[in-house]
Each structure stands twice: as structure tokens, then as C-alpha cells.
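The values are calculated or read from the model by the stated rules, or taken from the named source; none is laboratory data. All values reported here derive from a predicted model rather than from experimental measurement. Here Cβ is always computed from backbone atoms with ideal geometry, including for glycine, and neighbour counts include all displayed protein chains. The area values use the complete protein model at the heavy-atom level, side chains included, leaving out ligands, DNA and RNA. Shrake-Rupley method; radii C 1.70, N 1.55, O 1.52, S 1.80 Å.
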Amino acid sequence: MGHPIIAPSILAADFSKLHEALLALEKAKADWIHVDVMDGHFVPNLTIGPPVIKALRPCTELPFDVHLMIENPELSLNQYAEAGADRISVHAETCPHLHRTLTQIRELGCKSSVALNPSTPASAVENVLHLADMVLVMTVNPGFGGQSYIPEMTTKIRAIRDRANQLGLTELRIQVDGGISPATIAHAAKAGADTFVAGSAIFKSNDYAATIAQMKSKASP
Ligand code: DX5
Ligand code: ZN
């Protein structure tokens, strides 16, 4: 388990002012920028893709943590890597060849991650944990910001952390995404999550730096 990482999701930002949002997050000591890519098929919403990521890349040096909620992600991984993604999450539900897809992400020079919908069991990643730098446990059903944390996901986080420890994968990050706030972050952290996405909790607060600092301290062991 690593030190806590806070990755604000720009899905909750004003899309006409993304450059300013990145500068504000950098100043507020965010660790990574979480970019939610939705295709209107896998999830019922359509957001941004490689051209916007490429346009935002020069605005900040913070790592881009790109969450692909898209079907057939293997067909466009190279476009996301070229646009400036540092880390790429693909959903297990969209990848019949998950082993190959995670390998492909690493071959592109990015950190690999596999995401699980709330209804997908921890066992879906059992055979590929050694190929993943991170597992993303969705704590809401993907598609929209501003939903409530699903408390039952805590058991899944614990199961994945225990399995990673059994396998000696001490570097594996476990990310949680959806409904993460100063009120919920400690539940996920105690179960073994060390990487936290937050959209509305940060963007709706008056002071991004204070919210990020508060979340980091609540997530610290
Ligand atoms: C949901 C996205 C999340 C979302 C989180 O499909 O993957 O990253 O932006 O938003 P909040 O923090 O508002 O739940
Ligand atoms: Zn996300």
C-alpha cells in the first residue's frame, strides 16, 4: 500500500475553463489529474477524448490518470498514450482479452490499471494482478459524477488488497472512484485503498487546497 494520492476528476470542472481548473488543482496540491472518458455506449454519457487530452497536456506537469469508460479500448490505447496519458484504466467488463490489453498499456509506456464496476467481483482481476499497476474499484456505477458511495464496495477493496499482499504485490495501488469525500474516504482507506478520485467533493468546495489536505489526512494510516 502506497502513500495516499488524491486525483481530482475534471468531469466536475467547468468544461469551458479546463485550463484554469488544472492550474487551480496544481496549486491546491493535487497529485494526479483524473480524466473521465465516456463513449455513450459502455456508459450513458459522452465526454472527452484524445484531442482534448492532447490540448490540456501542456497546461500542467501533473500525471494524467485516464479512466476509459469505453467499449473496445484496445483499439485506441495508442491514441490516449500519444495524447499524453501517463496512466490508463480499462474496464474489465469491456476487455475479453484483459491480459493482452494490460500488457499493451505497459508496452505503450503507461502505467496499467483495470477498473471494476460495482457488480463485477474481485475475482475478475485475480489472474491479471501481476500485470496491473493499479486496480480501480468503482464505488458508484460509472457514467456520472455526484453519486453516493456504495458502502458494500469496501469488502471488495479489502479482498483485492489481501490477494495483492498474498502475491507479494506490495506496490499495487487500489483506486476508488465515485462518491469519495472527506466523509467517505476513511472507509475506503481502512479497507486498503490508497488512491482516491474525487470530482464534486473538490469542485463544489470553496477551498480546493483545504479539501485535498483534509482528504489526504483522513486517508493516512
Ligand atoms: C464516474 C466517474 C468519476 C466521477 C466521480 O463515472 O468515473 O470519476 O467523476 O465523481 P464524484 O466524485 O462526484 O462521485
Ligand atoms: Zn473516473
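General observations
- Computed [θ] at 222 nm, deg cm²/dmol, the chain (DSSP H ≥ 4; -39,500 (n - 2.57); rounded to nearest 500): -9000 deg cm²/dmol
- Extension reserve of the SER16-ALA209 stretch, reckoned as 0.36 nm per residue once the Cα distance is removed: 67.3 nm
- Residue by residue, region 103-111 carries 3J(HN,Hα) couplings of 4, 4, 4, 5, 5, 7, x, 9, 6 Hz when phi is fed to the Karplus relation 6.51 cos²θ - 1.76 cosθ + 1.60 (θ = phi - 60°); x denotes Gly or Pro.
- Counted residue by residue at 0.36 nm each, then reduced by the alpha carbon distance between them, the extension gain from HIS99 to CYS59 reaches 11.1 nm.
- Segment ASN45-ASN127, extension gain: residue separation times 0.36 nm, minus the distance between their alpha carbons: 26.5 nm
- Neighbour count of at most 16 Cβ within 10 Å plus DSSP loop: longest trypsin sites (Lys or Arg not before Pro)-free window in the chain: 30-203
- Dipole magnitude (debye, nearest 20) for region 100-187, charges at Cβ of Lys, Arg, Asp, Glu: 60
- Region 91-165-region 34-86 distance, computed between alpha-carbon centres (Å): 17
- Three principal axis extents describe the C-alpha atoms of region 1-120; from largest down they are 40, 33, 29 Å.
- Calculated P(r) tail over 12 Å for region 1-41, as whole % of Cα pairs: 63
- Estimated Rh, region 102-221: Kirkwood, alpha-carbon pairs, angstrom: 14.7
- A 1.4 Å probe run over region 1-62, with the rest of the protein chains in place, finds 49 Å² accessible per residue.
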